[in-house]
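A.B. asks: One structure, pasted below without further comment.
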2 protein chains.
Amino acid sequence: MFVYLDNSATTKSYKKVIEVMLRYMETDYGNPSSLHRMGLDAEKAIKEARKIVAASMGAKDEEIYFTSGGTEADNIALFGTAYARKRKGNKIITSQIEHPAILESCKNLVDMGFKVEYLPVDHNGIIDVSALNDALDDQSILITVMQINNELGSIQPIAEIAEMKRNAEKKIKTEILFHTDAVQSFGKLPINVKDSGIDLLTVSGHKIHGPKGVGAIYIRKGLNIKPYLYGGGQERGLRSGTENVPAIAGFGKAVDLYMKNFEKRMETVRTIRNYLEEGICSEIRDIRVNSPKDGSPAILNVSFIGVRGEVLLHSLEQANIYVSTGSACSSKKRGQSHVLEAIGSSASETDGVIRFSFSEFNTIEEMDYVLVNLKNAVDKFRKLGSFQ
Amino acid sequence: MFVYLDNSATTKSYKKVIEVMLRYMETDYGNPSSLHRMGLDAEKAIKEARKIVAASMGAKDEEIYFTSGGTEADNIALFGTAYARKRKGNKIITSQIEHPAILESCKNLVDMGFKVEYLPVDHNGIIDVSALNDALDDQSILITVMQINNELGSIQPIAEIAEMKRNAEKKIKTEILFHTDAVQSFGKLPINVKDSGIDLLTVSGHKIHGPKGVGAIYIRKGLNIKPYLYGGGQERGLRSGTENVPAIAGFGKAVDLYMKNFEKRMETVRTIRNYLEEGICSEIRDIRVNSPKDGSPAILNVSFIGVRGEVLLHSLEQANIYVSTGSACSSKKRGQSHVLEAIGSSASETDGVIRFSFSEFNTIEEMDYVLVNLKNAVDKFRKLGSFQ
């Protein structure tokens, strides 16, 4: 049996996504900037994908800009806003548990003279909304808080944040932008940017059975954001460079397929996730479930006390089961997870952490197989003492 | 007959490139940052591609950084150098006929307080090396001159530029970096960065029968360049974001296939190009060949006086022949080509311009077909007066 439970790191593309990509690689390979039919066909593919992505979140077509992925979209949101608004203020508010694409960008913005305030989170990884209220002042230009945390699956109170932003705007009489990294929530939760108070939103292709190397940023119409890549003026000047047509068309196809009845499919995913959680809780002692009960349907983060996560990961790998220790996004940097640290995990909880992340391709039978192997591995390493 | 002569805009991927991409989309779809075998397999694919790209230009593996394309690589070269060296000086020297990825970045650098000097070119589109000598001063931090111009095919005197840079460095006792955009020359001319004086070099996948959405930048070992995308620290911190594994692996395959005996294949491409040039010169009157005689083997730029290039393009399109008016990279911006303006073309020469760009898939038979259709179209529009 092959069990892939690292879907928050990346997913397998749908067959139909690959078919669409093949069309734009093999036959309709024109450059969208070319004036002839092959160029127009490529341009049409992008237009079609933009329409699908826009519709999936209640945006207008012209509010969607394709990027090379989620990280680029996050960077555009932060640097694009900071550069464009530095005369209005210098304060950016975020959380302690954001993706490195946000946190590392923030560090860089601090070097450039901006002030960043990192909101604390509770033991469930949910930000403290009253801390946000305190942080909002007349220097604030941007709030960036992810919708679903990639390690824990915690869901942030986006509507409350937006409400608080609106109140603060009334008080200080300047616009404050609200960006959310929705890479882990796109297709897991319903998203509708219309009247949501969200000004900027990041999504990625390869987390929803679409291609790697493509993402998008929603930028509310009328916002002035500084361009990120300079050149031929593609993506209406925001992001120059020959469009990655196969990936963009494939992304469109993925969104199209994924969003059809995703709520129903996510119910199934949640059932599978909960089945594994219950199995772990009832069969393995000395564990701690780090994911909140009402979090993402697709993420289960568990600490196996007294076992090293990495050792467990490699043991499961022997059984063709693929999981993660925390997130994959930090590019193999060793050391404590900043997310577990923020929720107050102990050293042994952090050491023994495994993230299981699910997709619609997983099954209950797979979970039975995982449980058997997991229990054996944990028992074995606890007997051996995996720290020696 | 189908004749694609827009290969400087983009090329058709090799079948074997697509096969490699399929492998990393369908089977080995892991995230290189994942610790398990699927992650390691993906990481290995990137390592292999890096080795191939490095070897193709005499670089060390660790001097190659993958990007989302040529435009991103150009932006990294310019902004990465400018930010890292702003304390050493504020002058950037380039040419009037660079790709928009360079020229638009330069405009932005001017807004940020840098000084940019644009070297003039002669009627062949070759920069004036003595002007470079005059421009080099103790404020100079970067020279960026493309190796082959994308509209004309002119080849710049890279070795002379590097020599001049070395001399200037001795005089002013500071390092001046030399970047070249080699997007149009990679695989057309031999490139060896070793001992070349080149510090930074841009290449792109989709111009050499590789995938769109991927490129690379050579950064000489030891150089300090400011990162471009912040996040998980991929590409040794220069360019964060989940690696586009299928595209990177496909790029590696394309370079591998393309570079094998490319000189021999380029001879064939040049024969085909010259055959079309001679045919046009002998069969169509009132034309001007804008490409220099000893330029790129793959580009032929011709002005058909008294005919509008765009009208000619669409007429050829009816016969399934795909060409370009100037470059495709300026994303359908209308108006004069800055390159033709720089070489002193007249208005009628600029209006009637067509760029034919070739690949190894073109044939002499195709050129006969193009010639017949081209002659008919030019004759017809001249009779009608295409400007009415």
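The values are calculated or read from the model by the stated rules, or taken from the named source; none is laboratory data. What you see is a predicted model, and the numbers here were worked out from it, not measured in a lab. Neighbour counts are summed over all protein chains in view; Cβ atoms, including those assigned to glycine, are modelled from backbone coordinates with ideal geometry. We work out accessible area using only protein heavy atoms, side chains counted, and drop any ligands, DNA or RNA first. Shrake-Rupley method; radii C 1.70, N 1.55, O 1.52, S 1.80 Å.
A.B. asks: From the alpha carbon gyration tensor of the range A:52-180, can you work out the equivalent ellipsoid semi-axes (sqrt of 5 times each eigenvalue) and give them in Å, largest to smallest?
C.D. replies: 20, 19, 16
A.B. asks: Once Lys and Arg get +1 and Asp and Glu get -1 on their Cβ, which of A:ILE102, A:THR27, A:ALA319 lies farthest toward the positive end of the dipole of chain A?
C.D. replies: Comparing the listed Cα positions along the dipole, A:THR27 ranks first.
A.B. asks: Within the range B:344-364, whose backbone N sits under 11 Å from a point 7 Å along Cα→Cβ of B:HIS123?
C.D. replies: Backbone N within reach: B:344-346.
A.B. asks: At a Förster radius of 30 Å, what calculated FRET efficiency corresponds to the Cβ-Cβ distance of B:ASP138 and B:LYS264, to the nearest 0.05?
C.D. replies: Computed FRET efficiency for B:ASP138 and B:LYS264: 0.10.
A.B. asks: Would you be so kind as to list the residues of the range B:208-237 that have their accessible area lowered by at least 40 Å² in the full protein complex compared with their chain by itself (1.4 Å probe)?
C.D. replies: Residues meeting the cut-off: B:LYS212, B:TYR228, B:LEU229, B:TYR230, B:GLY231, B:GLY232.
A.B. asks: Taking 30 Å as the cut-off for C-alpha to C-alpha distance, list the pairs among A:LYS260/B:LYS253; A:LYS16/A:LYS47; A:LYS212/A:LYS264; A:LYS226/B:LYS16 that go past it.
C.D. replies: A:LYS260/B:LYS253; A:LYS226/B:LYS16
A.B. asks: Let me ask something else about it. Quick one, could you list the DSSP H helices from chain A stretching 20 Å or more along their long axis (Cα atoms) with average Kyte-Doolittle hydropathy of 1.0 or above?
C.D. replies: Correct list, ordered by number: A:245-259.
A.B. asks: Okay, next question. Thinking of the range A:2-106 as a set of Cα atoms, what percent of all their pairs are more than 18 Å apart?
C.D. replies: 68
A.B. asks: Then there's this: By Cβ position, which chain B residue lies least far from the axis that rotates chain B onto chain A, and what is the distance to the nearest whole angstrom?
C.D. replies: B:SER68, 2
A.B. asks: How fast does the protein assembly as shown diffuse by Stokes-Einstein, in µm²/s, taking the Kirkwood radius from C-alpha pairs at 37 °C and 0.692 mPa s?
C.D. replies: After rounding, the answer is 120 µm²/s.
A.B. asks: Still on this model: Would you please give the FRET efficiency between B:THR271 and A:VAL289, computed as 1/(1 + (r/R0)^6) with r the Cβ-Cβ distance and R0 = 60 Å, to the nearest 0.05?
C.D. replies: Using R0 = 60 Å, I get an efficiency of 0.30.
A.B. asks: While we're here: Of the DSSP beta bridges with both residues in the protein assembly as shown, give the percent that are antiparallel, rounding to the nearest 5.
C.D. replies: Of all bridge pairs located within the protein assembly as shown, approximately 50 percent are antiparallel.
A.B. asks: Still on this structure, I have one more. Would you mind calculating the relative contact order of the range B:122-274 from Cα pairs under 8 angstrom and at least 6 residues apart, reporting the percent as a whole number?
C.D. replies: 17
A.B. asks: Over 16 Å, how big is the tail of the calculated P(r) for the range A:246-362, in percent of all Cα pairs?
C.D. replies: I get 66 percent for the Cα pairs in the range A:246-362 exceeding 16 Å.
A.B. asks: Under a 5 Å amide H to amide H cut-off, with H placed in plane at 1.01 Å, what residues pair with B:PHE178 once short-range neighbours are removed?
C.D. replies: Sorted by chain and number, the residues that satisfy this are B:ILE143, B:ASP199, B:LEU200.
A.B. asks: Please provide three numbers in whole Å: the alpha-carbon extents of the range B:25-78 along the principal axes, with the largest listed first.
C.D. replies: So the extents along the principal axes, rounded to whole Å, are 36, 22, 19.
A.B. asks: Testing the spin-label approximation: label points 7 Å from Cα along Cα→Cβ at B:GLU365 and A:ARG37. State their distance in nm.
C.D. replies: Label-label distance for B:GLU365 and A:ARG37, simple model: 2.0 nm.
A.B. asks: Let me ask something else about it. Hey, with R₀ at 56 Å, roughly what FRET efficiency would A:ALA131 and B:GLU48 work out to, going by the Cβ-Cβ distance, to 0.05?
C.D. replies: Taking R0 as 56 Å, the efficiency between A:ALA131 and B:GLU48 is 0.75.
A.B. asks: Quick check of the Kirkwood formula: for the range A:141-239, what is the inverse mean of 1/r over all pairs of different Cα atoms, in Å?
C.D. replies: About 14.8 Å for the range A:141-239.
A.B. asks: Related question: Under the definition of Cα pairs under 8 Å and six or more residues apart, what whole-number percent is the relative contact order of the range A:243-369?
C.D. replies: So the answer I get is 31 percent.
A.B. asks: Under 19 Å Cα to Cα from A:LYS383, which aspartates and glutamates show up? Leave out anything in the same chain fewer than 8 places away.
C.D. replies: Leaving aside aspartates and glutamates fewer than 8 places away in the same chain, those within reach of A:LYS383 are A:GLU283, A:ASP286, A:GLU310, A:GLU349, A:ASP351.
A.B. asks: Treating only the Cβ of Lys, Arg, Asp and Glu as charged (+1, +1, -1, -1), what charge dipole size does the protein assembly as shown show about its Cα centre? Round to the nearest 20 debye.
C.D. replies: The calculation lands at about 420 debye.
A.B. asks: With only alpha-carbon pairs counted, each pair once and no self-pairs, how large is the Kirkwood hydrodynamic radius of the range B:15-258 in angstroms?
C.D. replies: Hydrodynamic radius (Kirkwood, Cα pairs) of the range B:15-258 is 18.3 Å.
A.B. asks: Determine the relative contact order of chain B: mean sequence separation of Cα pairs under 8 Å and six or more apart, normalised by residue count, in whole percent.
C.D. replies: 24
A.B. asks: Whole number in Å², please: accessible area per residue of the range A:15-258, 1.4 Å probe, ligands, DNA and RNA not counted.
C.D. replies: With the other protein chains kept in place, the range A:15-258 gives 33 Å² per residue.
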